[in-house]
Amino acid sequence: MRARYGVPVGIAAVGAAGLLYSAGFEARSFRLRRVTVPVLPAGMRPLRVLQVSDIHLVSGQRKKQRWLRSLAGLRPDFVINTGDNLSDPEGVPEVLDALGPLMEFPGAYVFGSNDYYGPKLRNPARYLIEKVQGRHGLNGNPPAVGVVHNPWEDLRDGFDGAGWLNLTNTRGTLKIEGVSVELTGLDDPHIKRDRYAQVAGGPSGSADFSMGVVHAPYLRVLDAYTADDYPLILAGHTHGGQLCIPFYGALVTNCDLDTDRVKGLSTHTAEGRTAYLHVSAGCGTNRYTPVRFACPPEATLLTLVGRE
C-alpha cells in the first residue's frame, strides 16, 4: 500500500504546499521595485515617478490597502496608475481610500479591461493555448458576452476629483515645481479601445519631457509610441507572468509582448528609434486566480535622470 500510493500522495502534498505558499504568502508579499532610467534632457533635475498597476482590489483586502497607502511616504514627484484597479464591482470606495494619500500628489491614469468589466472564471491553461494560437484579449477573439460591468465612472470621477489626469486616448501635462511633463495616454489595447490616431504625432515640443502611458503593452502600441520618438513608455497588464518558473521566468504575458520583457525595464525599437519600456508586474491578481509564484506583487519607483 505504501509503495503504491506514496509517490502520488507526495506529489499532492507538494502541490498543496505550493498553492498555500503562492496564495497565502507570495500574493500578499508586496514589494517596491526601484529603477533608474536615463531619459531626461541633459541638465534637467531628476524626477521620481511612482507607478502603481493591476491592483485588482477585492473588498476586504486590508493588507493591500494599507500597503498602497504607505507608498505616499516615498514622496514621489508624480504618480502614474496604469489600470486594472478593480476585481470587484463593490471595490471602488476601497480603491479610492487606498489610493487617497497618493492622490495628494500630481498624477495621471489610464484604465484596463478590468476597470470596465468584472473578471470571469476561466481555465488558466487558456492563456497558454491563446499564446500558441496568437490570440489575446479581444484581439482575434470573439467579443465578450455576459460580462459584469464595473462602475468605472465612479472610479474616474474619484481620480478626476483629486486632480489626476485622465489619459484615455488623449494628452495631458503635469506641472511639477517649474518642470512640465507631457503625458500621452491610450485606452486599453487588450479590448481594442486604443485610438492612437487621436494622439499621434509625437511629443509636442512645448514640454520639458514627454512619455507614453498605456495599460497593455501590445506591440502595435509600443511601435507607435517609439516611432513617434517618445523616450519612455509605462505599461502594466502582464502581472509579470504571475505564475513563473524559478530560474526560467514567465510562460505568458497575456498579450503579444515577448516573455523576456514581461516585467521591469527594457527597451523597444521601431523604425530606427529606441524607447525605454517599463512594465509593472502589478500588485494584484484576478479574484478567481489569487495566486503568484516566483513573481511577487509590486509597485515601482522610477527615478528619471539625464541621458548619458
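The values are calculated or read from the model by the stated rules, or taken from the named source; none is laboratory data. Given the structure is predicted, the values throughout are model-derived calculations rather than measurements. Note that each Cβ is placed from the backbone with ideal geometry, even for glycine, and that neighbours are counted across all protein chains shown. All accessible areas refer to the heavy atoms of the entire protein, side chains included, with ligands and DNA or RNA removed. Shrake-Rupley method; radii C 1.70, N 1.55, O 1.52, S 1.80 Å.
Does region 242-257 contain at least one residue that is among the acidic types (Asp, Glu), open to solvent by 10 Å² or more (accessible area, probe 1.4 Å) and either without any contact (Cβ under 8 Å) to a residue 12 or more places away in the chain or under 25 Å from Val305 (Cα atoms) (or both)?
Residues of region 242-257 that are among the acidic types (Asp, Glu), as a first pass: 256.
Narrowing further to those that are open to solvent by 10 Å² or more (accessible area, probe 1.4 Å): 256.
With the extra rule that they be either without any contact (Cβ under 8 Å) to a residue 12 or more places away in the chain or under 25 Å from Val305 (Cα atoms) (or both), the set shrinks to none.
There is no residue in region 242-257 that is among the acidic types (Asp, Glu), open to solvent by 10 Å² or more (accessible area, probe 1.4 Å) and either without any contact (Cβ under 8 Å) to a residue 12 or more places away in the chain or under 25 Å from Val305 (Cα atoms) (or both).
Look through region 217-232, keep the residues that are open to solvent by less than 10 Å² (accessible area, probe 1.4 Å) and either in contact (Cβ under 8 Å) with a residue 60 or more places away in the chain or over 22 Å from Asn81 (Cα atoms) (or both), and return whichever of them is farthest from the chain's Cα centre (by Cα).
Just the residues of region 217-232 that are open to solvent by less than 10 Å² (accessible area, probe 1.4 Å), to begin with: 217-218, 221-222, 225-226, 230, 232.
Among the residues that remain, those that are also either in contact (Cβ under 8 Å) with a residue 60 or more places away in the chain or over 22 Å from Asn81 (Cα atoms) (or both) are: 217-218, 232.
On the way: Pro217: 9, Tyr218: 12, Leu232: 15 Å.
Only one residue tops the list, namely Leu232.
Select, from Arg45, Arg33, the only residue that is buried (at least 16 other Cβ atoms within 10 Å of the Cβ), of a type in the set (Lys, Arg) and either touching an Asp or Glu at 6+ places or on another chain (Cβ under 6 Å) or part of a loop (DSSP other than H, G, I, E, B) (or both).
Values: Arg45 fails: buried (at least 16 other Cβ atoms within 10 Å of the Cβ).
Of Arg45, Arg33, the one residue that is buried (at least 16 other Cβ atoms within 10 Å of the Cβ), of a type in the set (Lys, Arg) and either touching an Asp or Glu at 6+ places or on another chain (Cβ under 6 Å) or part of a loop (DSSP other than H, G, I, E, B) (or both) is Arg33.
When you scan region 73-86, do you find a residue that is on the phi > 0 side of the Ramachandran plot and out of contact with any helix residue (DSSP H, G or I) (no Cβ under 8 Å at 6 or more places or on another chain), even just one?
Applying the first criterion (on the phi > 0 side of the Ramachandran plot) to region 73-86 yields 75, 83-84.
Then keep just the ones that are out of contact with any helix residue (DSSP H, G or I) (no Cβ under 8 Å at 6 or more places or on another chain); that gives 75.
So far as region 73-86 goes, yes, one or more of its residues are on the phi > 0 side of the Ramachandran plot and out of contact with any helix residue (DSSP H, G or I) (no Cβ under 8 Å at 6 or more places or on another chain).
Which residues, taken from region 196-224, are touching a Ser or Thr at 6+ places or on another chain (Cβ under 6 Å) and within 19 Å of Thr259 (Cβ to Cβ)?
Filtering region 196-224 down to residues touching a Ser or Thr at 6+ places or on another chain (Cβ under 6 Å) leaves 199, 203, 207-208, 212, 215.
Matches in region 196-224: His215 only.
Scan Ala200, Ala275, Ala235, Ala299 and give me the residue that is open to solvent by less than 40 Å² (accessible area, probe 1.4 Å) and in contact with an Asp or Glu (Cβ under 9 Å, 6 or more places away or on another chain). Reasoning before the result, please.
On the way: Ala200 fails: open to solvent by less than 40 Å² (accessible area, probe 1.4 Å); Ala235 fails: in contact with an Asp or Glu (Cβ under 9 Å, 6 or more places away or on another chain); Ala299 fails: in contact with an Asp or Glu (Cβ under 9 Å, 6 or more places away or on another chain).
The conditions single out Ala275.
Under 9 Å between Cβ atoms, which residue pairs at least 6 apart in sequence (or on different chains) link something in region 21-47 that is under 15 Å from Val179 (Cα atoms) and of a type outside the set (Gly, Ala, Ser) with a partner that is modelled with pLDDT under 95 and assigned to a loop (DSSP other than H, G, I, E, B)?
Val39/Arg307; Leu40/Arg307; Pro41/Arg307; Arg45/Glu177
Hey, does region 160-177 have a residue that's open to solvent by 70 Å² or more (accessible area, probe 1.4 Å), at pLDDT 95 or above and in contact with a Gly (Cβ under 8 Å, 6 or more places away or on another chain)?
Checked region 160-177: at least one residue is open to solvent by 70 Å² or more (accessible area, probe 1.4 Å), at pLDDT 95 or above and in contact with a Gly (Cβ under 8 Å, 6 or more places away or on another chain).
To keep it simple, each residue is scored yes or no on (1) in contact with a Phe, Trp or Tyr (Cβ under 8 Å, 6 or more places away or on another chain); (2) within 24 Å of His237 (Cβ to Cβ); (3) at pLDDT 70 or above; (4) of a type outside the set (A, V, I, L, M, F, W, C).
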position	(1), (2), (3), (4)
Met1	no, no, no, no
Gly6	no, no, no, yes
Glu26	yes, yes, yes, yes
Val39	yes, yes, yes, no
His56	no, yes, yes, yes
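If you go through region 258-269 one residue at a time, how many are in contact with a strand residue (DSSP E or B) (Cβ under 7 Å, 6 or more places away or on another chain) and open to solvent by 60 Å² or more (accessible area, probe 1.4 Å)?
3
Please go through (1) buried (at least 17 other Cβ atoms within 10 Å of the Cβ); (2) more than 30 Å from Ala42 (Cα to Cα); (3) in contact with a strand residue (DSSP E or B) (Cβ under 8 Å, 6 or more places away or on another chain) for Arg193 and return the number of the only condition it doesn't satisfy.
Checking Arg193 against (1) buried (at least 17 other Cβ atoms within 10 Å of the Cβ); (2) more than 30 Å from Ala42 (Cα to Cα); (3) in contact with a strand residue (DSSP E or B) (Cβ under 8 Å, 6 or more places away or on another chain), the one that fails is (3).
Give, as residue ranges, the helices (runs of 4 or more DSSP H) completely inside region 55-173 that count at least 1 residues that are of a type in the set (Lys, Arg) and more than 20 Å from the chain's Cα centre (by Cα).
Values: elements: 62-70, 92-98, 113-116, 125-133, 152-161.
Because the criterion is at least 1 residues that are of a type in the set (Lys, Arg) and more than 20 Å from the chain's Cα centre (by Cα), the helices (runs of 4 or more DSSP H) in region 55-173 that meet it are 62-70, 125-133.
Can you find, within region 61-89, the residue that is nearest to Pro297 (Cα to Cα) among those that are at pLDDT below 95 and open to solvent by 10 Å² or more (accessible area, probe 1.4 Å)?
Ranking the qualifying residues of region 61-89, first place goes to Asp88.
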